[in-house]
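J.: The structure under discussion is supplied below as structure tokens; questions concerning it will follow.
Derivation of every value follows stated rules applied to the coordinates shown; laboratory data play no part. Here the structure is a predicted model, which is why all the values come from computation and not from measurement. Ideal geometry is used to build each Cβ from the backbone, glycine not excepted, and the neighbour counts take in all protein chains shown.
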Amino acid sequence: MPPELQVKLLRLIQEGEIEKIGSEVGHHVDVRIIAATHRNLQAMIEDGTFREDLYYRLAVIPLVLPPLRERVEDISDLVQHFFAKSQQKNGRPNLVMPPALLPYFVRYRWPGNVRELENAVERVVVLTRGDEVTLHDLPEFLREERAGVDALEIGLPPQGISLEAIEKELILKALEKCHWNQTHAARYLDISRKTLIYRMERHGIRRPQERQVSN
């Protein structure tokens, strides 16, 4: 947003007033503003490309939405939501998405976040020829991602496993590998440091020294 437009938006927020094009009379408006960005506004304030006063006017209730790769537990629900939405949009109410295909979506990193996921699901709905989505109907990048996971050949015991226990063990291994440097461990696990700290607290993971002190 250019600086001159930022000034006008600031005036709207502060005074609740706008001027229509060609008019010299102000008009009062009653609106709520929801602003979203992927930019670092604090950095933009420092380099002078975003007004500090406008930032504080907008940042009344800030909400931080982590990227989709850090919300893996949401992906399956989103796939099913977008699938139903695309079924209706494209006139394919009888098309079926087998649950066995959901892991292919879950394992992908989704650099384009929710929009990329929605587009991928709609592509599947539009291009699938039969009444049931098969592995070959998925985009190639999803099949390749899953193939890499399958190549790990992780053994699954017949009595079942605890996903929580596996996540805890992976976090512990990453922390030990990075000498308990949380920033490096988060980067190794491809998650944010904030997410790593949250999951450490959830699993009760602490440095060995901290455990000794608490005991």
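J.: Residues with amide H under 5 Å of Val96's amide H, sequence separation 5 or more or different chain, H placed in the peptide plane at 1.01 Å from N; which?
T.: Close amide H contacts, sequence-distant or interchain: Glu132, Val133.
J.: Next up: Can you give me the P(r) profile for the chain? Cα pairs, bins 10 angstrom wide beginning at 0, each as a whole percent.
T.: 6, 21, 22, 22, 18, 8, 2, 0
J.: Still on this structure: Tell me, what ³J(HN,Hα) does each residue in region 18-24 have, in order and in whole Hz, if you take phi through Karplus 6.51 cos²θ - 1.76 cosθ + 1.60 with θ = phi - 60° and put x for Gly and Pro?
T.: 10, 10, 5, 4, x, 10, 10
J.: Here's a follow-up. With charges only on Cβ, +1 for K and R and -1 for D and E, what is the dipole size of region 12-56 about its Cα centre, in debye, rounded to 20?
T.: Once rounded to the nearest 20, the dipole reads 240 debye.
J.: Separate question: Quick one: angle between helix 140-150 and the longest Cα principal axis of the chain, in degrees between 0 and 90, rounded to 10, please.
T.: The angle comes out near 40 degrees.
J.: Per-residue HN-Hα couplings for region 54-68, Karplus 6.51 cos²θ - 1.76 cosθ + 1.60 at θ = phi - 60°, whole Hz, x for Gly and Pro?
T.: Whole-Hz 3J(HN,Hα) from phi for region 54-68: 5, 4, 6, 6, 7, 7, 6, 10, x, 10, 9, 9, x, x, 4.
J.: Report the longest stretch of the chain that contains none of the GluC sites (Glu not before Pro) sitting in a DSSP loop with at most 12 other Cβ atoms within 10 Å.
T.: Of all site-free stretches, the longest is 25-152.
J.: A follow-up question, please. Percent relative contact order of the chain, based on C-alpha pairs within less than 8 angstrom and at least six residues apart?
T.: 13
J.: Which angle from 0 to 90°, rounded to the nearest 10, does the C-alpha axis of helix 113-127 make with the longest principal axis of the chain?
T.: Roughly 70 degrees between the two axes.
J.: Under 13 Å from the Cα of Lys89, which aspartates and glutamates turn up, not counting those fewer than eight places away in the same chain?
T.: Glu118, Glu122
J.: What percentage of all Cα-Cα pairs in region 163-214 are separated by more than 16 Å?
T.: 34
J.: Excluding same-chain residues fewer than 8 positions from Lys177, which lysines have a Cα within less than 16 Å of its Cα?
T.: Lys168
J.: Sticking with this structure for a sec: At 0.36 nm per residue, minus the direct Cα-Cα distance, what do His38 and Val64 gain on full extension? Give it in nm, one decimal, please.
T.: Net length gain for the segment: 8.3 nm.
J.: Counting other Cβ atoms within 10 Å, keep those with at most 11, restrict to DSSP loop, and tell me which trypsin sites (Lys or Arg not before Pro) in region 41-150 are left.
T.: Taking region 41-150 and a limit of 11 other Cβ atoms within 10 Å, the loop trypsin sites (Lys or Arg not before Pro) found are Arg129.
J.: Based solely on C-alpha atoms, express the radius of gyration and the Dmax of region 3-58 in angstrom.
T.: 12.9, 37
J.: Using the Cα centre of region 3-58 as origin and beta-carbon charges of +1 (Lys, Arg) and -1 (Asp, Glu), tell me which of Ile34, Ile18, Met44 is placed farthest towards the positive end of the dipole.
T.: Of the listed residues, the answer is Ile34.
J.: Please determine, in degrees from 0 to 90 and to the nearest 10, the orientation of helix 163-177 with respect to the longest principal axis defined by the Cα atoms of the chain, where the helix direction is its Cα long axis.
T.: Orientation of helix 163-177: about 80 degrees from the principal axis.
J.: Given region 1-94, report the % of alpha carbon pairs whose separation exceeds 24 Å.
T.: 50
J.: Along region 37-42, what does the Karplus equation 6.51 cos²θ - 1.76 cosθ + 1.60 (θ = phi - 60°) give for ³J(HN,Hα), rounded to whole Hz, x for Gly and Pro?
T.: Running phi through 6.51 cos²θ - 1.76 cosθ + 1.60 with θ = phi - 60° gives 7, 9, 7, 8, 5, 4 Hz.
J.: 222 nm [θ] for the chain, helices only, -39500 (n - 2.57) per DSSP H run of 4+, per residue, to 500?
T.: Taking each H run of at least 4 residues, the total per residue is -16000 deg cm²/dmol.
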